[in-house]
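Below is one structure, written out as structure tokens; the observations come after it.
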């Protein structure tokens, strides 16, 4: 009888392990979209968002109170024909979302907006805020030279989920919903 229960438990764990990769590979790939490069009087700005970054598993984890972080990487280069491109800016920006189950609200941290802390009860609004980079200051305009070409490269990653120690063994398959977009480039002349 004990052997039968152990075999049944092992079969359930094996089934979870086999099903999880298939379901996560069926999702569409996260990608950057709506990229806009503009400027103010003093700064070069970039706007963009990430599409298809929230899977069903990720949404469930967030709603269960697991803090989730998106890291956005933005690099700016001066394009040079004869020599290597010169790096002007290298930015790592982190958006964080955490659901407070007692207050029934989402707490977001948006550092490009003067370290703005946002609270909302609407999950769709929270997901939109999490995936949008708004008016990120890439560099001061006085670091750019008129008439030259520049390349702006961007990508987004979901940081590894840090579970409480006792859940690492139970929810080992959650690491399968990590994402990372491809690099996206915009070449412009200043």
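The values are calculated or read from the model by the stated rules, or taken from the named source; none is laboratory data. This one's a predicted model, so the numbers in the text were calculated from it and none came from an experiment. In this analysis, Cβ positions are derived from the backbone assuming ideal geometry, glycine residues included, and neighbour counts consider all displayed protein chains.
Quick rundown of the values:
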read-out: The listed residue being in contact (Cβ under 8 Å) with a residue 12 or more places away in the chain and surrounded by 16 or more Cβ atoms within 10 Å (Cβ to Cβ), out of 141, 129, 148; value: 129
read-out: Some residue of segment 141-154 being under 25 Å from residue 102 (Cα atoms) and touching a strand residue (DSSP E or B) at 6+ places or on another chain (Cβ under 8 Å); value: no
read-out: Evaluation of residue 56 against (1) touching a residue at least 40 places away in the same chain (Cβ under 8 Å); (2) loosely packed, with under 15 Cβ neighbours inside 10 Å (one fails), failing number; value: (1)
read-out: Condition met for residue 92 (surrounded by 12 or more Cβ atoms within 10 Å (Cβ to Cβ) and free of Cβ contacts under 8 Å to residues at least 24 places away in the same chain); value: no
read-out: Failed item in (1) at pLDDT below 95; (2) out of contact with any strand residue (DSSP E or B) (no Cβ under 6 Å at 6 or more places or on another chain); (3) more than 23 Å from residue 189 (Cα to Cα), with residue 128 passing the rest; value: (1)
